[in-house]
Amino acid sequence: MIGPKTPKPTAAEEKRAYEDATARDGGRCVRCCWSGTMHRDHRQNRSQGGLTVPSNLQLLCGPHGDEEGCHKWATEHPAAAILEGFAVPGWGDPVWWPAWRADVRSWVIYFNTPDSKGRWWSEISQATADQLMSGGGR
């Protein structure tokens, strides 16, 4: 079922989304926990309809030392990035697509606004992540 089209965020809303995602991720790469040069990455590419909202953003590291960085890895290995929780396919919905966070060593679902306890995500089980990624949860 196709839902109503979500309006594109304003420039001010996009700026706030980048700030919120950067704060949520604590200035560290969600894949390897490195801190340094970070890229604010769209989990679902804008070219695939991904919006600049917190649920669709994450911090991935750029090059450091001899490493190319997690952002380059995700860009060059899109299928693996989807399976490992660092990208959302074009048909997916970032609000319901699981993300992996190395800092908590767990699958999560990101929120666009913090919940009543100030949390930006909810941890989910491997089984729930598998179900959501197979299209069975939404």
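The values are calculated or read from the model by the stated rules, or taken from the named source; none is laboratory data. A quick note: this is a predicted structure, and the numbers were derived from the prediction, not measured. Note that each Cβ is placed from the backbone with ideal geometry, even for glycine, and that neighbours are counted across all protein chains shown.
General observations
- As for the range 103-111, it holds no residue that is part of a loop (DSSP other than H, G, I, E, B), of a type in the set (Ser, Thr, Tyr), more than 13 Å from residue 31 (Cβ to Cβ) and modelled with pLDDT of 95 or more.
- Criterion violated by residue 16 - all others in (1) charged (D, E, K, R); (2) buried (at least 17 other Cβ atoms within 10 Å of the Cβ); (3) outside any strand (DSSP E or B) satisfied: (2)
- The range 19-61 - residue that is closer than 17 Å to residue 113 by Cβ, among the hydrophobic types (A, V, I, L, M, F, W, C) and surrounded by 15 or more Cβ atoms within 10 Å (Cβ to Cβ) and, of those, nearest to the chain's Cα centre (by Cα): 57
- For the range 92-106, residues that are touching a Leu at 6+ places or on another chain (Cβ under 9 Å), crowded, with 17+ Cβ neighbours inside 10 Å and closer than 12 Å to residue 130 by Cα total 2.
- For the range 26-45, the tally of residues that are free of Cβ contacts under 8 Å to residues at least 60 places away in the same chain, part of a loop (DSSP other than H, G, I, E, B) and among the charged types (D, E, K, R) stands at 1.
- Residue, nearest to residue 19 (Cα to Cα), within the range 46-83, restricted to residues that are small (Gly, Ala, Ser) and in a helix (DSSP H, G or I): 55
- Inside the range 113-138, residues that are part of a loop (DSSP other than H, G, I, E, B) and either charged (D, E, K, R) or crowded, with 16+ Cβ neighbours inside 10 Å (or both) make up a count of 5.
- Of the residues 66, 25, the single one that is in contact with a strand residue (DSSP E or B) (Cβ under 9 Å, 6 or more places away or on another chain), among the charged types (D, E, K, R) and either modelled with pLDDT of 95 or more or over 25 Å from residue 6 (Cα atoms) (or both) is 25.
- Hey, residue 97 part of a loop (DSSP other than H, G, I, E, B) and either in contact with a Lys or Arg (Cβ under 6 Å, 6 or more places away or on another chain) or not polar (S, T, N, Q) (or both) or not: yes
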